[in-house]
1. From Glu337, Glu403, Glu415, grab the single residue that is acidic (Asp, Glu) and closer than 30 Å to Pro237 by Cα.
2. Checking Arg31 against (1) in contact (Cβ under 8 Å) with a residue 12 or more places away in the chain; (2) within 30 Å of Glu327 (Cβ to Cβ), which test does it fail?
3. Tally time: how many residues in region 78-103 are of a type in the set (A, V, I, L, M, F, W, C), surrounded by fewer than 16 Cβ atoms within 10 Å (Cβ to Cβ) and modelled with pLDDT of 90 or more?
4. Please go through (1) touching a residue at least 12 places away in the same chain (Cβ under 8 Å); (2) under 30 Å from Thr198 (Cα atoms) for Ile92 and return the number of the only condition it doesn't satisfy.
5. Quick check on region 46-63: of everything there that is surrounded by fewer than 17 Cβ atoms within 10 Å (Cβ to Cβ) and among the acidic types (Asp, Glu), which residue is farthest from Tyr214 (Cα to Cα)?
6. Between residues in region 132-161 that are in a strand (DSSP E or B) and residues that are β-branched (Val, Ile, Thr) and modelled with pLDDT of 95 or more, which pairs lie under 7 Å by C-beta distance while being six or more apart or on different chains?
7. Going by what's in this entry, would Ile207 be described as in contact with a Ser or Thr (Cβ under 9 Å, 6 or more places away or on another chain) and surrounded by 24 or more Cβ atoms within 10 Å (Cβ to Cβ)?
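The values are calculated or read from the model by the stated rules, or taken from the named source; none is laboratory data. Just so we're clear, the structure is a prediction, and the values are computed from it rather than from any experiment. Note: ideal-geometry Cβ built from the backbone for every residue, glycine included; neighbour counts use all protein chains shown.
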Amino acid sequence: MMQMLSLSSAGKPAVLDAMKRPTLNLSPYLRKVEPIVADVRQDGDTALRRYTQEFDRVQLDQLRVSKDAIEQAETGVSTELLRSIQFAKENIEKFQREAAALSNKVETRSGVTCWRQVCPMESVGLYVPGGTAPLISTVLMLAIPAKLAGVKRIALCTPPQKDGSVNTDVLAACALTGVDEVYAVGGAQAIAALAYGTESIPNVQKIAGPGNAYVTAAKALVSIDPEGAAIDMLAGPSELLVIADETANPDFIAADLLSQAEHDALSQVVLLTTSEALAASVQDALKEQLRALPRREIAEQALAASCCIISETTDEAIELSNLYAPEHVSIQTANPEDVLAGIRNAGSVFLGQSAPEAVGDYCSGTNHVLPTSGFARTQSGVSVRTFQKTISVQTLTPKGLGELRDATTTLARAEGLEAHARAVDIRFQSMQ
């Protein structure tokens, strides 16, 4: 069960120590995936087939899933699931479409106009984990913003099933989002294939998507290689931090905490509350709800490394939340908007008792590929912008160049860069 501490009695250092995430040391994984990445880079498809046989126990004749199989997948899933996928797709598109707008032009001086030209990546690779269940939602969270960004070529890799095929539900999501380049390859070898290319899988410019420690280590390796590929982020185990007061429902909070604890034994959940009575009620609710949870063992391991902190004020809770910088923040207080005003570091925020974190994982419209491990201090979740880059542009009239002449030449000569100054002056000489 969750460790419970009082901020006033335990002290801030002890509380911050209790909030430390379970350590995931990538070093041993980096050592293991380095030869895999090197083999795929050198031997291409041959290495992919060898590692798929070794790790997935599947013999593949063809790595790429046929377009027919993707298109026909829609007929192989239930009508209810198809409607749910379409429903989620519409909400995600509506939210993400706003981020695709071009930047406005700015006239910094008379005759001097600057703007950012937004350009999509030419090719991206999406990674959708296999694991114990098909992650249909991850296809939506990655493919929809990539499509809206204007990416021309989208390649998706996901581990094969025991018969060598890709899960029908995942393929149906690919069909609905317009992804027709799908490969039955998973793990570090898939990341290497996307980064460097093989006979069957052309390389891409950027790789996005969550994965286990081996996938994360492979992403780290290829991202620091100039000949590799850029990545979205190094995503770790899932996290949820709840800020609550005495008005919150303990059953709701317990359910929310368990929804993240069931992800992985290394997941972490944190409750920050001003109410000792609520904290005790949440502990009781966790015990009750755990009894009927299918992934009880995983959730219990995650809860053992989690904690409940009792603070005297909401401001103290907000400060601790910002120091922790969680992937998900749930605010269940009497006035959640007031608490939101103080939140500076978070991947995604859920306001009020009617906003469970689970809806963000599937269909509210926001993305569930988010920064973890404290990276929310400096990074954002996946969006249309993940798959775009900006090019700054400026255009000057002769009058506009005159506006900038003195400042440019003065600064250039102060830095000892005479050619810079002359590049401006020569234009005025030609005008005379």
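1. On the way: Glu403 fails: closer than 30 Å to Pro237 by Cα; Glu415 fails: closer than 30 Å to Pro237 by Cα.
Criteria check complete, one pass: Glu337.
2. So the condition that Arg31 fails would be (1).
3. In the first step, residues of region 78-103 are kept if they are of a type in the set (A, V, I, L, M, F, W, C); the result is 81-82, 85, 87-88, 92, 95, 99-102.
This time we only want the ones that are surrounded by fewer than 16 Cβ atoms within 10 Å (Cβ to Cβ), so: 81, 87, 99, 101-102.
In the following step, the residues that additionally are modelled with pLDDT of 90 or more were identified as 81, 87.
Qualifying residue count for the region: 2.
4. Of the numbered conditions (1) touching a residue at least 12 places away in the same chain (Cβ under 8 Å); (2) under 30 Å from Thr198 (Cα atoms), the odd one out for Ile92 is (2).
5. Applying the filter and picking the extreme gives Asp61.
6. Correct list of pairs: Ile154/Val124; Ile154/Val179; Ala155/Ile201; Ala155/Val204; Leu156/Val128; Leu156/Val179; Leu156/Val182; Cys157/Val185.
7. Details: in contact with a Ser or Thr (Cβ under 9 Å, 6 or more places away or on another chain): yes; surrounded by 24 or more Cβ atoms within 10 Å (Cβ to Cβ): yes.
Yes.
Conditions (1) outside any loop (DSSP other than H, G, I, E, B); (2) at pLDDT below 95; (3) within 30 Å of Ile154 (Cβ to Cβ); (4) over 13 Å from the mean Cα position of the chain (by Cα), marked per residue:
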{"residue": "Ser330", "(1), (2), (3), (4)": "yes, no, no, yes"}
{"residue": "Ile343", "(1), (2), (3), (4)": "no, no, no, yes"}
{"residue": "Phe350", "(1), (2), (3), (4)": "yes, no, yes, yes"}
{"residue": "Gly360", "(1), (2), (3), (4)": "yes, no, yes, no"}
{"residue": "Ile391", "(1), (2), (3), (4)": "yes, yes, yes, yes"}
